[in-house]
Each structure stands twice: as C-alpha cells, then as structure tokens.
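Only the coordinates and a few stated rules stand behind these numbers; no lab work does. This structure is a prediction, so every number in the text was calculated from the model and none was measured. Glycine gets a Cβ as well: all are built from the backbone with ideal geometry, and neighbour counts include every protein chain shown.
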Amino acid sequence: MTINPCVNIFSENIFPKKELDEKFFIDKASSIFKFYLSKKEVYEKSCLNGFDFDTVSFDFLYCDGNKTHEINREYRDKDYVADVITFAIFADTPDEEKFVFDGEINLGEVIFALDKIEEEALKKGKSFDEELTFLISHGILHLLGFDHQSMEDYDYIIRLQNEALENLKLEG
C-alpha cells in the first residue's frame, strides 16, 4: 500500500531579527514527511494508520526563545527556552475523538525558536539550515505520534531522522 497524501504546510515567521526562506524549509519538510510515510514501519506505527485521508496539514511557527519559554511555561509547565516545541494535536487526541474533515487530517503545529537554533548550530559546528532541518525532521516525527520516553525510542527516532536527512541529500 502506498501512502502519498497531499501535504499542506502553513508557515509563519514572527521573529523579525531572522530572515528565513520559508518555501525552502516547507519543501524540505514535505520531502521528509513523504519519506517517513514511504516507510511501512513508520506509517504503521504512526497516528495516521487506520484513517482514510488524502491530505495532511500542519503548521510551522518561527519565533524566538522568549516565545518558546512563554509557551513552555503556559502550556507545558516547564521553565526553559526550547529550540522546538511540538503540539501533536491529532496524535495526542484519543482515537475515538480523532476526526478527518473532508479527507484532511490536521496533525498540529511545530514551533521553532530561531535564535536558539542559531546558537545550537554554532555550538555543534553545523549550519543554521542543517540544524533547523534536523529539528523539522524531529518535529514531524512527533506530529506523527512518535515520542522518546525511553532510550530505545530516542535511538529509533534519531535513526529515522538520520535516514530522512540522508534521503534529502540524495534528492538534492
């Protein structure tokens, strides 16, 4: 079975200090998402399994660390700046309450702190684009219902991310 939905990614940058080619990252995210769904094991373990849909949508919000700190405090009861926060609305909703509207599933939202990502990229000796793409691949897995509460889960997610990023290199 081939799962190849239309992917709608809505993107907004509210951090005026960092210019961002949003289309570039939307294209990368779409490729990463489709790569994940092309893997049978990922689809079968995802929150999409068992639902009839032809379109999947999710949002990206680009902001600064002050905003992710505020969101962390308000919604997650955590007091720190996060580089990425994912609200996996579809995955986190009980199955009996999930719904598909006109063939479309809204997975939720991923929020990125661009200043924090830039800082992390420098620490790791990576480019900003590499670090943001890595976090996009991570956020998408969370939207699909994957989590890393154990070391085994964390290793699995990192392996999937590395495969997705390697696939992007092969595409590009």
Restricting attention to segment 122-155, which residues are of a type outside the set (D, E, K, R), surrounded by 11 or more Cβ atoms within 10 Å (Cβ to Cβ) and out of contact with any helix residue (DSSP H, G or I) (no Cβ under 9 Å at 6 or more places or on another chain)? Y154
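Any idea which of T68, T86 is in a strand (DSSP E or B) and in contact with a helix residue (DSSP H, G or I) (Cβ under 8 Å, 6 or more places away or on another chain)?
T86
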Among the residues of segment 2-25, are any part of a helix (DSSP H, G or I), touching a residue at least 40 places away in the same chain (Cβ under 8 Å) and in contact with a strand residue (DSSP E or B) (Cβ under 8 Å, 6 or more places away or on another chain)? yes
From the list K98, K67, exactly one residue is touching a residue at least 12 places away in the same chain (Cβ under 8 Å), among the basic types (K, R), in contact with a strand residue (DSSP E or B) (Cβ under 9 Å, 6 or more places away or on another chain) and surrounded by 18 or more Cβ atoms within 10 Å (Cβ to Cβ). Which is it? K67
Failed condition for N106, given (1) in a loop (DSSP other than H, G, I, E, B); (2) in contact (Cβ under 8 Å) with a residue 40 or more places away in the chain, with all others met? (1)
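Listed here are the residues, each with its yes/no results for (1) part of a helix (DSSP H, G or I); (2) under 23 Å from V7 (Cβ atoms); (3) of a type in the set (F, W, Y).
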site	(1), (2), (3)
K116	yes, no, no
A121	yes, no, no
E130	yes, yes, no
F134	yes, yes, yes
